[in-house]
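Trainee: Supplied in structure tokens, the structure appears directly below.
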Amino acid sequence: MPRIVYFSNVSENTKRFVEKLDLPAVRIPLQASEQIEVAEPYVLVTPTYGNGKDESGVPKQVIKFLNIKKNRDLIKGVIAAGNTNFGDKYCYAGELIAKKCNVPLLYQFELIGTPHDVTTVKERMDLMWKQF
Amino acid sequence: MSDMLISSSESDKKMKLASKITRPVNWNKIEDPIDLEVWNRLTSNFWLPEKVPLSNDIPSWATLRPEEQSLTMRVFTGLTLLDTIQGTVGALTLIPDALTMHEEAVYTNISFMESVHAKSYSSIFSTLSATAEIDDAFRWSEENVNLQRKAEIVLNYYRGDNPLKRKVASTLLESFLFYSGFYLPMYWSSRAKLTNTADLIRLIIRDEAVHGYYVGYKFQKGMELETPAYRAEIKAYTYDLLLELYENEIKYSADLYDPLGLTEDVKHFLHYNANKALMNLGFEALFPHESTQVNPAIMSALSPNADENHDFFSGSGSSYVIGKHEATKDEDWEF
Ligand SMILES: Cc1cc2nc3c(=O)[nH]c(=O)nc-3n(C[C@H](O)[C@H](O)[C@H](O)COP(=O)(O)O)c2cc1C
Ligand SMILES: [Fe+2]
Ligand SMILES: [Fe+2]
């Protein structure tokens, strides 16, 4: 079964999206001081949090998580959340991570995701997992 | 449930207790991290209309037909009205309900920025148009029944005594009611017209995202303190209010866009944004997928990478790892 590692701020939009997927999922802790390490391949789901100043967008907790080599080695793809109101920075976290980790940006969605987003992502995750 | 019960809600009690002593706001003691994160993003978003070279749009403005110009003016006076409400009433009525002092401060920031938004339309007007046309457009807004109705519905909730309903009204305004207006500058921009004006509107659109996120988030915090029965009531109320506003938006959009034959296109944009407004409040989307499919030209005027959901199994998505921007500068981001 596909596995998910995700981050979600206190607003928990991404958490709600991931819950709707109904797949095994682990949350990256909100406290950047707490670290987790994964042991199996996963797809990362992360919201975008730009500071509006520079080329930022990946939440610092996700950066910490990916700075651990083992975690980085097991990432198979990324799904990014955001809001199109942010214009060219829409889901920018996904773009950055895909490039840095050289994995596909599987999907982009807004806020808690629509039912359409949920079915599409489930389908794609299943397909992808069959390839491993 | 009656309004009697509403006024004794938990968040209300908290507020009354907290207001007995006058306290200075301490930003070194954060109760809700979102307050600080949103404050930081809002202050770094700060902009003024003078920074946008609007006068470069003068030649483009001259290419619009008279009815297109008057539509544009009307749309912008309508948006001015909404930002005026948000700046002078909306954001301020949320202050007494705030759960933290930092939340109060964020509302003052939102309130001020709404006034910047309202004023920026006047910059557009004075750059592009003559006084007589500006006066005409303002008169149209004051006399348009559907625009006035939209203002009245929202103002009623702002004047009402229910903190949660006020937040619902505010979020629907931030995340839904503006979009019948925002459609037009995106439309012009997709046709390479009024592109500087569109740049300014995009700054407004970005601000509204943070406003909608924040008020919607605080609404959800407030909901957590209520009973399941009351939460269900507020949820039903939210969908009712959305539909009431929606019916009115359809009429308002027809008043504006029928002459150019754009109303159907606008509706898709409205459905799409109505769903986002609900999501900001933590509720599921209402309008079905097909009805929210926005004209791709409008979507890419809003966000150039909005439709990059390539299916990388279909073979067409080989561009999925290509990034347009330079990598993040965060020093941690070193593998
Ligand atoms: C301060 C702030 C900055 C944001 N920056 C971006 C951004 O740069 N790009 C984007 O697409 N979305 C941006 N968003 C939208 C969030 O990614 C979106 O609301 C997401 O659903 C948050 O997920 P979460 O509640 O799980 O943390 C931002 C939101 C906030 C509050
Ligand atoms: Fe505004
Ligand atoms: Fe706003």
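Only the coordinates and a few stated rules stand behind these numbers; no lab work does. Being a predicted model, the structure only gives us computed values, none of them experimental. Cβ atoms come from the backbone with ideal geometry, glycine included; neighbour counts cover every protein chain shown.
Trainee: May I ask you to derive the FRET efficiency for B:GLU31 and B:TYR239 from their Cβ-Cβ distance with R0 = 45 Å, giving the value to the nearest 0.05?
Mentor: Once rounded, the FRET efficiency stands at 0.90.
Trainee: Going by how many other Cβ atoms sit within 10 Å of their own, how do B:PHE138, B:PHE182 line up, fewest first?
Mentor: Neighbour counts put them in this order, fewest first: B:PHE138, B:PHE182.
Trainee: Determine the calculated [θ] at 222 nm for chain B from helices alone, applying -39500 (n - 2.57) to every DSSP H run no shorter than 4 residues and normalising by the residue count; nearest 500 deg cm²/dmol.
Mentor: Details: 14 runs with 215 residues, N = 335.
Theoretical 222 nm ellipticity from helices: -21000 deg cm²/dmol.
Trainee: Moving on. Exposure proxy check: A:LYS70, A:LYS64 ranked by fewest other beta carbons within 10 Å?
Mentor: A:LYS70, A:LYS64
Trainee: Right, here's the next one. Go from 0 up to the bin containing the longest alpha carbon distance in the stretch B:173-322, width 5 Å each, and give me the % of pairs per bin.
Mentor: Taking every Cα pair in the stretch B:173-322, the percentages come to 2, 9, 15, 18, 18, 14, 11, 7, 4, 1, 0.
Trainee: Same structure again: Can you compute the charge dipole magnitude of chain A about its Cα centre, using +1 on each Lys and Arg Cβ and -1 on each Asp and Glu Cβ, nothing else charged? Give it in debye, rounded to the nearest 20.
Mentor: 280
Trainee: Which log10 I(q)/I(0) values does the protein assembly as shown give at q = 0.07, 0.08, 0.10 Å⁻¹ under the Debye formula, counting every alpha carbon as one identical point scatterer?
Mentor: -0.37, -0.48, -0.76
Trainee: Moving to a separate point now. Please find the FRET efficiency linking B:GLU142 to B:ILE21, where r is the Cβ-Cβ separation and R0 is fixed at 41 Å, and quote it to the nearest 0.05.
Mentor: Efficiency, from the Cβ-Cβ distance: 0.40.
Trainee: Additional query: I need the P(r) histogram for chain B: all alpha carbon pairs, bin width 20 Å from 0 out to the longest distance, whole percents.
Mentor: 28, 55, 16, 0
Trainee: Okay, moving on. So what is the relative contact order of chain B, in percent, for Cα pairs below 8 Å that sit 6 or more residues apart?
Mentor: Relative contact order, chain B: 20 percent.
Trainee: Please state the shape class of the stretch B:31-91: rounded when a/c is under 1.5, otherwise prolate if a/b exceeds b/c and oblate if not, all from the C-alpha gyration tensor.
Mentor: Note, shape of the stretch B:31-91 comes out oblate.
Trainee: Have a look at B:THR171, B:THR72, B:THR127 and tell me which one the Gaussian network model of chain B (Cα, springs below 10 Å) gives the largest fluctuation.
Mentor: B:THR127
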